[in-house]
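Note sheet for the following structure.
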Amino acid sequence: MSTHIISLLVENRHGALSRIANLFSGRGYNITSLTVAETEDATVSRMTIVVAGDEGILEQITKQLNKLLDVIKVIDFIDRPIIERELLLIRLDVSKANRREILDLCDIFKARIVNVTPKSVTVELAGRSSNIDEFVGMVRPFGIREIVRSGAIAIAKAKE
């Protein structure tokens, strides 16, 4: 099984997300990550869906997505060069003993400190999902109080 990033342009109307998500769940696929936001046109939203699955089945899902009335365009990034990013907010336990090490990791990963208390630090990091995973793995030993991830977003690399 491989991971696929699929981008959809959809009509920005009530129930579109539900109908699209049901298409995946009805075929037994779990959506790993899902992000939705308006585009430059307020009547259109872009959905970025990350799903793991067999290429043949995902090809059928793509065909079914194209048949949904809400869907304007389906882009499967399977063989296209893309720019992929995710946003992380993570609150870590901090002490005098580990504060410097956490700050050093933030510098290495180009993460931004967005809140500090005597016992915790909240960090923001944007980057490829693999970099987010690596950062989380590195700070896990310090103690994670809370973690929020946006899910992946992607755009095709420009050709010109």
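Contact map, the stretch 132-146: first residue exposed (fewer than 15 other Cβ atoms within 10 Å of the Cβ), second residue assigned to a helix (DSSP H, G or I), Cβ cut-off under 7 Å, separation 6 or more or different chains; pairs are Met138/Leu105.
In the stretch 22-55, the residue that is surrounded by the most Cβ atoms within 10 Å (Cβ to Cβ) out of those that are modelled with pLDDT under 90 and of a type in the set (Gly, Ala, Ser) is Gly53. Assessment of the stretch 2-21 against the conditions (touching an Asp or Glu at 6+ places or on another chain (Cβ under 6 Å), assigned to a strand (DSSP E or B), touching a residue at least 12 places away in the same chain (Cβ under 8 Å) and surrounded by fewer than 16 Cβ atoms within 10 Å (Cβ to Cβ)) yields at least one matching residue. Scanning the stretch 56-74 for residues that are modelled with pLDDT of 85 or more and of a type outside the set (S, T, N, Q) yields Lys63, Leu65, Lys67, Leu68, Leu69, Asp70, Val71, Ile72, Lys73, Val74. For the stretch 41-53, a residue qualifies if it is of a type outside the set (A, V, I, L, M, F, W, C) and within 20 Å of the chain's Cα centre (by Cα), and the qualifying residues are Ser45, Arg46, Thr48, Gly53. The sole residue among Ala156, Ala152, Ala126 that is in contact with a Leu (Cβ under 6 Å, 6 or more places away or on another chain), within 30 Å of Val74 (Cβ to Cβ) and among the small types (Gly, Ala, Ser) is Ala126.
Okay, residues lined up against (1) among the aromatic types (Phe, Trp, Tyr); (2) within 18 Å of the chain's Cα centre (by Cα); (3) assigned to a helix (DSSP H, G or I); (4) surrounded by 11 or more Cβ atoms within 10 Å (Cβ to Cβ):
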position	(1), (2), (3), (4)
Arg80	no, yes, no, yes
Leu87	no, yes, no, yes
Ala97	no, no, no, no
Asn115	no, no, no, yes
Val121	no, no, no, yes
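The number of residues in the stretch 22-54 being in a strand (DSSP E or B) and among the hydroxyl-bearing types (Ser, Thr, Tyr) comes to 5.
Exactly one residue out of Lys110, Lys63, Lys73, Lys96 is within 28 Å of Phe24 (Cα to Cα) and without any contact (Cβ under 8 Å) to a residue 24 or more places away in the chain: that is Lys63. Does the stretch 140-149 contain at least one residue that is under 30 Å from Ile49 (Cα atoms), of a type in the set (Gly, Ala, Ser) and within 20 Å of the chain's Cα centre (by Cα)? The answer is no, given that none of the residues of the stretch 140-149 is under 30 Å from Ile49 (Cα atoms), of a type in the set (Gly, Ala, Ser) and within 20 Å of the chain's Cα centre (by Cα).
The values are calculated or read from the model by the stated rules, or taken from the named source; none is laboratory data. Quick caveat, the model's predicted, so the values are computed rather than measured. Cβ sites come from the backbone with ideal geometry, for glycine too, and all protein chains shown count toward neighbours.
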